[in-house]
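A.B. asks: What follows is a single structure, and I will ask about it in a moment.
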Amino acid sequence: MDWSELYSMQKQLDNYIEAQHDLSGRDVFKEKSLALLVELGELANETRCFKFWSTKQRSDISVILEEYVDGVHFLLSLGLEKGFEYHGGSGTVPCESETDQFNRVFSATTEFREHPTETNYITLFEYFVQLGELLGFEEKAIQKAYLEKNEINYERQDQGY
């Protein structure tokens, strides 16, 4: 997937939020890192992949995709914050289970927060993309869902969300 369009849209949204909330010059990297972890938790909760004790079915794929795209927003935003962009896969192999891949993404998020290097960002993004693949999302579906959620995020800002 060509992520450049999404980075551009995310930059516009970030600038809009910054202006709406008078964040000019404020470093919100740690807040965005925590937000990504929260979104990952919400995504994992919707998949229910770790809930070995429950027989309840996972959420509808559209709900899971929306949660995934929430993570994409923060992942793009974190890259913009540090001046990094993901341009494609590195060829690493995803984990065999969703649970293992979620743990991999959580760990990579924490590593990037503690050591915000380009290498750590690319690794984090790659693991997140692999998670999307394990969840069954195609690039076009991710992009379409991102565009839809981006509009909602603007509406929420305008409504004082």
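A.B. asks: First select every other residue whose beta carbon is under 11 angstrom from the beta carbon of T92; then total the charges, Lys and Arg +1, Asp and Glu -1. Each step should come with its number before you reach the end.
C.D. replies: Details: positive: R104; negative: E126.
Net of charged neighbours comes to 0.
A.B. asks: Here's a follow-up. Residue-wise, which Karplus ³J(HN,Hα) couplings in Hz belong to region 93-101, taking 6.51 cos²θ - 1.76 cosθ + 1.60, θ = phi - 60°, and x for glycine or proline?
C.D. replies: Once θ is set to phi - 60°, the couplings for region 93-101 become 9, x, 5, 7, 10, 4, 4, 4, 5 Hz.
A.B. asks: Could you put V105, V69, V63, V28 in order, starting from the residue whose Cβ has the fewest other Cβ atoms within 10 Å?
C.D. replies: If I rank by nearby Cβ atoms, fewest first, I get V63, V28, V69, V105.
A.B. asks: I would also like to ask the following. What ranking do E151, E81, E118, E126 get, fewest neighbouring Cβ atoms within 10 angstrom at the top?
C.D. replies: Numbers: E151 11, E81 17, E118 14, E126 20.
Ranked by crowding around the Cβ, least crowded first: E151, E118, E81, E126.
A.B. asks: Further question on the same structure: For region 40-161, what does the alpha-carbon gyration tensor say about shape, rounded, prolate or oblate, given a ≥ b ≥ c as the root eigenvalues, a/c under 1.5 as rounded, and a/b over b/c as prolate?
C.D. replies: Details: a/c = 1.60, a/b = 1.05, b/c = 1.53.
Oblate, since a/c reaches 1.5 and b/c is not below a/b.
A.B. asks: Can you give the calculated 222 nm mean residue ellipticity of the chain, where each DSSP H run of n ≥ 4 adds -39,500 (n - 2.57) and the sum is split over every residue, rounded to the nearest 500 deg cm²/dmol? Present the calculation step by step, with values, prior to reporting the outcome.
C.D. replies: Values: 6 runs with 112 residues, N = 161.
Calculated at 222 nm, the ellipticity per residue is -23500 deg cm²/dmol.
A.B. asks: Right, here's the next one. If I model a spin label as a point 7 Å beyond the Cα along the Cα-Cβ vector, how far apart are those points for E114 and E85 in nm?
C.D. replies: Output for this residue pair reads 3.0 nm.
A.B. asks: Right, here's the next one. Which value, in debye to the nearest 20, gives the size of the charge dipole of region 1-115 about its Cα centre, when Lys and Arg are +1 and Asp and Glu are -1 at the Cβ?
C.D. replies: Dipole magnitude for region 1-115 comes out near 300 debye.
A.B. asks: Something else: Using Cα pairs under 8 angstrom and six or more residues apart, how large is the relative contact order of the chain, in percent? Working shown, then result.
C.D. replies: Working: 133 pairs, mean separation 48.7, N = 161.
Normalised by residue count, the contact order of the chain is 30 percent.
A.B. asks: Determine ³J(HN,Hα), in whole Hz, for all residues of region 132-145 in sequence, where each value follows from phi through the Karplus function 6.51 cos²θ - 1.76 cosθ + 1.60 and θ = phi - 60°; x replaces Gly and Pro.
C.D. replies: After applying 6.51 cos²θ - 1.76 cosθ + 1.60, I find x, 5, 4, 7, x, 8, 8, 3, 5, 5, 5, 4, 4, 5 Hz.
Each value in this text was obtained by applying a stated rule to the coordinates, not by laboratory testing. It should be emphasised that the depicted structure is a prediction, and the values quoted were computed from it without experimental measurement. Ideal geometry is used to build each Cβ from the backbone, glycine not excepted, and the neighbour counts take in all protein chains shown.
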